[in-house]
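So the structure is just underneath, and the comments pick up after that.
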Amino acid sequence: MADVKDRLASALLLAAIAAASPTGCSQRMPADSGELVIAFPGAPVSIDPRLSTDAYGTQILQMTHASLIRMDAAGNPLPDLAEGFEARSPTEVVFRLRDGVRFHDGRELTSADVRDTFAWILNPRNRSPHRSTYETIREIETPDSRTVVFRLSEPFAPFLAGMVRGIVPAGTRAAGYSPPIGAGPYRVDDYEQDTAIRLSRFEGYHGGAARIEQVVVKFLPDSNVRFLELKKGSVNLVLNGVEPDLIPAVLENGNLVMEEAPGSNVSYLGFNLRDPFLSDARVRRAIALAIDREAIARTLWKGHADLADSLLAPGFWAHDDKIPPLRYDPAAARRLLEAAGYRDPDGDGPKPRFRLTYKTSQNELRRRIAAVIQEELRQAGIAVEIQSLEWGTFFSDIRKGNFQLYSLTWVGIADPDIYHYAFHSGQTPPEGANRGGYRNPEVDRLVTEGRRETSREKRKKIYGKVQQILSRDLPVFPLWINRNILVRDRRLTGFVITPDEDYASVKEMTFRKGKEAGK
Amino acid sequence: MSERTVKQTIARRVARHRGAVAGFAVVVLLLLAAVLAPLLAPFDPGAQALDSGLSGPSRSHWLGQDRLGRDLLSRLIHGARVSVAVGLGTVSLSLAIGLLVGSAAGFFAGKVDHLFMRLADILLAFPGILLAIAITSVLGPSLRNVLIALSALGWVGYARLIRGQILKIREMEFVQSARAVGTPPARLLRVHILPNAISPVIVEATFGIARAIVAEAGLSFLGLGVAPPTPSWGAMISEGRHFLFVAPHLTTVPGLAIMITVMAFNFLGDGLRDAMDVREGAH
């Protein structure tokens with residue numbers, strides 16, 4: 001009983017914090033008439049909040065759509081469409097919508113739109129990739145136009161993280177690639193697939209109209225083109241789109257400045273634990289010890305990366321700060337391989353202890369990293385064949401568990417429940433993301449307990465244990481977390497770099513008037 | 001003309017063709033570089049020095065270092081091996097298939113000819129490089145698969161050329177005479193027809209090597225060529241293109257190597273064509 005009270009109290013506290021947050025009553029500032037041009041290193045696949053799973057689509061949606069709540073950098077909920085929420089019980093959450101919120105076409109946003117958005121995702125016929133996130137929703141009730149009640153079939157701690165989903169008007173169909181109407185700070189004027197999207201300020205935005213009138217997002221996959229456009233001034237904001245080696249050259253343009261902040265996307269090396277070599281934890285540890293992550297972070301990332309020790313970034317609330325560090329130690333790696341029974345047949349000679357295949361995408365930087373890892377493992381006596389595959393083939397192989405070694409980046413981890421998805425023994429592909437086939441009854445028990453527990457303190461302890469176990473077993477080897485690097489026009493102010501590369505703060509941006517403005 | 005004098009005449013004509021001589025010289029150098037790469041290269045082409053990545057030319061590294069600090073000159077020399085292997089390998093494989101198919105089509109004519117030539121038409125309807133991309137995407141990047149991908153369409157040109165030659169030659173009097181005295185078909189083809197049909201094929205093959213080298217560079221540029229860390233000129237351009245503005249030598253050096261090699265083969269091909277031109281010989 002005390003447990004339930006504890007959970008309820010913490011939920012109410014969150015709601016109170018949320019309601020007190022200042023975003024709800026932002027003052028109107030003098031509007032800016034300028035045009036902001038942002039460049040993305042790729043184009044979105046979908047910009048329908050009910051379907052989009054890609055990073056670029058999500059980032060556009062942060063400017064065009066509003067959700068019930070938003071999350072801050074540490075994973076704490078902030079109000080957006082909902083002025084507050086209350087967990088009446090671990091299986092019932094009530095959201096109270098703000099008064100007078102409107103969609104871009106002037107229609108009022110009501111509880112029916114919220115219900116319909118989630119009902120659409122839950123309808124199997126619509127094949128939304130987000131359906132599994134909301135499967136614990138048993139019922140959505142709308143007692144009045146401003147109240148939404150979610151009833152869950154069982155306590156599900158990651159539920160709140162799932163409420164960061166753009167709301168669309170009731171009855172909106174999925175219309176191919178054209179983006180549906182939203183209630184965010186910017187409306188879509190024109191969308192040219194794979195080329196650019198043109199946005200203009202939505203005067204009726206519930207958080208106060210944005211200050212810059214026009215925003216254009218260009219999709220520029222070529223790093224040289226982004227570099228040139230930035231230098232020329234035809235793009236004035238790029239987040240994580242300038243090669244680390246090119247940053248000094250881009251800043252030769254005195255109108256540009258760079259800002260840096262910690263990131264949250266963890267790159268990791270995945271092992272296939274069904275493999276006869278990699279099933280041995282000593283071999284996995286030896287591989288980890290043979291890779292000089294510090295050298296890669298220092299040279300290939302030019303220091304714009306921090307070493308990772310878990311799939312969660314250090315600033316995230318559930319991150320365990322007491323994970324023993326794993327440092328580059330090639331001698332220890334060789335000793336471990338010997339101990340595991342893999343002798344080097346000819347010492348420093350060309351014959352390897354054994355051979356492995358490393359799969360990676362065709363991204364140039366990833367291939368470069370693969371070449372470094374290949375060389376470092378060669379020195380430890382492991383021959384590595386790099387297979388650099390087209391993205392679709394690569395990702396499908398990884399999802400099927402068809403690999404020995406691979407490297408990928410976890411993007412957008414909003415809740416530690418990721419550990420259930422990625423390491424529970426029942427989550428092997430195709431249902432889950434336990435691609436390496438990791439099995440540990442203790443981890444199974446902990447990650448199941450973690451998703452049912454609603455007290456954040458208790459969850460933190462549970463996932464702390466999970467992270468400790470995984471740092472010992474190494475079913476994946478966390479490599480590094482890239483820092484977020486913003487290159488912008490020096491007149492632009494107001495963009496807040498968040499660990500998860502959120503573009504929500506574009507609405508707060510402005511062109512500072514000053515002597516540089518005339519340039 | 002005896003065979004000896006024909007060869008001498010061709011050699012003399014090629015020697016008079018300045019472009020062909022220059023081309024021949026470059027081709028010889030290229031072959032030497034490819035064969036002697038481990039002796040010529042100053043460094044191990046795979047040896048990395050991350051901290052000195054992107055360095056420009058220096059006394060120890062004449063052409064500079066790539067992003068991973070690998071010696072560019074050593075990679076260039078070793079890269080010649082891939083280019084030579086793909087150039088010669090693709091042409092040999094294509095020629096072998098083309099020779100078989102073309103001879104059969106030209107010699108037997110009729111239904112066999114019809115069948116093979118329609119097959120060739122169908123294959124020609126594919127854009128070459130796209131088919132090669134599709135094949136290497138499915139089979140995975142490796143030297144062998146590049147050879148397969150480039151030969152999959154490469155043989156068609158040779159087959160058509162040989163067929164045309166045979167159709168023309170088989171009606172000539174000396175062939176008719178050989179046939180009349182009862183020469184068996186295989187011998188007729190081998191001794192009387194093919195040797196007389198081969199000149200334009202040799203010229204075409206020389207250009208074919210150049211085309212194969214460019215195609216391999218293209219596939220490697222797209223990451224579909226030989227697997228790393230084996231250096232390939234196309235892959236070197238691809239690796240360097242992100243640093244065009246800070247280390248242009250990473251792309252220009254292998255780019256020049258491809259250009260000079262392709263030009264050399266084309267000049268040599270031009271010279272051979274002029275030298276072997278039947279019409280010229282008739283005067």
| message | As I understand it, the value is the acute angle between the Cα axis of helix A:391-400 and the longest principal axis of the Cα atoms of chain A; what does it come to in degrees, rounded to 10? | response | 70 degrees
| message | Report the per residue volume, in Å³, of the convex hull enclosing the C-alpha atoms of chain B. | response | 150 Å³
| query | Taking only the alpha carbons of the protein assembly as shown, what extent do you get along each of the three principal axes, in Å, biggest first? | reply | 108, 64, 60
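So which trypsin sites (Lys or Arg not before Pro) in the stretch A:66-175 are both in a DSSP loop and have at most 16 other Cβ atoms within 10 Å of their Cβ? Spell out each step's value before the answer.
Working: sites: A:Arg70, A:Arg88, A:Arg96, A:Arg98, A:Arg102, A:Arg107, A:Arg115, A:Arg125, A:Arg127, A:Arg131, A:Arg138, A:Arg146, A:Arg151, A:Arg165, A:Arg173; in loops: A:Arg98, A:Arg107, A:Arg127, A:Arg146, A:Arg165, A:Arg173.
Sparse-neighbourhood loop trypsin sites (Lys or Arg not before Pro): A:Arg107, A:Arg127, A:Arg173.
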| said: Below 8 Å, C-alpha to C-alpha, sequence gap of six or more: please give me the relative contact order for the stretch A:266-482 in percent. | reply: 33 percent
| Any idea which of A:Ile382, A:Thr448, A:Ser396 is furthest toward the positive side of the dipole for the stretch A:266-482, if Lys and Arg beta-carbons carry +1 and Asp and Glu beta-carbons -1? | A:Thr448
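So what's the back-of-envelope 222 nm ellipticity for chain B, counting only DSSP H runs of four-plus at -39500 (n - 2.57) apiece and dividing by all residues, rounded to 500? Don't skip to the end; give the middle numbers.
Values: 12 runs with 204 residues, N = 283.
Mean residue ellipticity at 222 nm (helix-derived): -24000 deg cm²/dmol.
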| said: Quick check: the distance between the Cα centres of the stretch B:76-137 and the stretch A:214-290, to the nearest angstrom? | reply: 41 Å
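Using only alpha carbons, build the gyration tensor for the stretch A:266-482 and give me the equivalent ellipsoid semi-axes, biggest first, whole Å. All intermediate terms of the calculation are to be shown ahead of the outcome.
Values: eigenvalues 157, 67, 65 Å².
Working through the eigenvalues yields semi-axes of 28, 18, 18 Å.
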| query | Relative to the longest principal axis of chain A, what angle (0 to 90°, nearest 10) does the C-alpha long axis of helix A:111-122 take? | reply | 30 degrees
| remark: Charge tally for neighbours of B:Leu76 with beta carbon under 13 Å away, counting Lys, Arg as +1 and Asp, Glu as -1, is 0
| ³J(HN,Hα) across the stretch A:243-257 via Karplus (A = 6.51, B = -1.76, C = 1.60, θ = phi - 60°), whole Hz, x for Gly/Pro? | 3, x, 5, 9, 4, x, 5, 5, 7, 4, 6, x, 7, 10, 10
| field | Helix B:128-139 axis, angle to chain B major axis (alpha carbon atoms, nearest 10°) | value | 70 degrees
| query | Quick one: what Rg and Dmax do you get for the stretch B:208-283 from the alpha carbons, in Å? | reply | 16.7, 58
| field | Calculated P(r) of the stretch A:93-156 - Cα pairs past 16 Å, % | value | 50 percent
| message | Using the alpha carbons of the stretch B:191-249, what is the convex hull volume per residue in cubic angstrom, as a whole number? | response | 108 Å³
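Explain nothing, just the number: dipole magnitude of the stretch A:266-482 about its Cα centre with +1 on each Lys and Arg Cβ and -1 on each Asp and Glu Cβ, in debye rounded to the nearest 20. The partial results should precede the final answer.
Numbers: 34 positive and 28 negative charges, 48 e Å.
For the stretch A:266-482, the charge dipole is close to 240 debye.
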| DSSP beta bridge pairing in the protein assembly as shown, given as percent antiparallel to the nearest 5 | 75 percent
| query | How many nm is it between the label spots at B:Leu100 and B:Phe174, if each spot is 7 Å from the Cα in line with the beta carbon? | reply | 2.8 nm
| task | Starting from the amide H of B:Gly225, placed 1.01 Å from N in the peptide plane, find each other amide H under 5 Å away whose residue is 5 or more places distant or on another chain. | result | B:Ser220
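So, R0 is 30 Å and r is the distance between the beta-carbons of A:Asn76 and A:Asp144; what FRET efficiency does that work out to, to 0.05? Let's see the in-between values first.
Working: r = 28 Å, r/R0 = 0.93.
Rounded to the nearest 0.05, the efficiency is 0.60.
Over 31 Å between Cα atoms: which of A:Lys400/A:Lys465; A:Lys231/A:Lys302; A:Lys232/A:Lys507; A:Lys218/A:Lys302; B:Lys7/B:Lys168; A:Lys322/A:Lys351 fall into that group? Write out the running numbers ahead of the final one.
Details: A:Lys400/A:Lys465 28 Å; A:Lys231/A:Lys302 20 Å; A:Lys232/A:Lys507 24 Å; A:Lys218/A:Lys302 26 Å; B:Lys7/B:Lys168 23 Å; A:Lys322/A:Lys351 39 Å.
Checking Cα-Cα distances, A:Lys322/A:Lys351 exceed 31 Å.
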| request: On a C-alpha basis, how far is the centre of the stretch A:414-493 from the centre of the stretch A:322-368 in Å? Whole number, if you could? | output: 24 Å
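Since every read-out is calculated from the coordinates, none of them should be taken as a lab result. Only a predicted model underlies this, so the values are computations on that prediction, with no experimental measurement involved. Cβ sites come from the backbone with ideal geometry, for glycine too, and all protein chains shown count toward neighbours.
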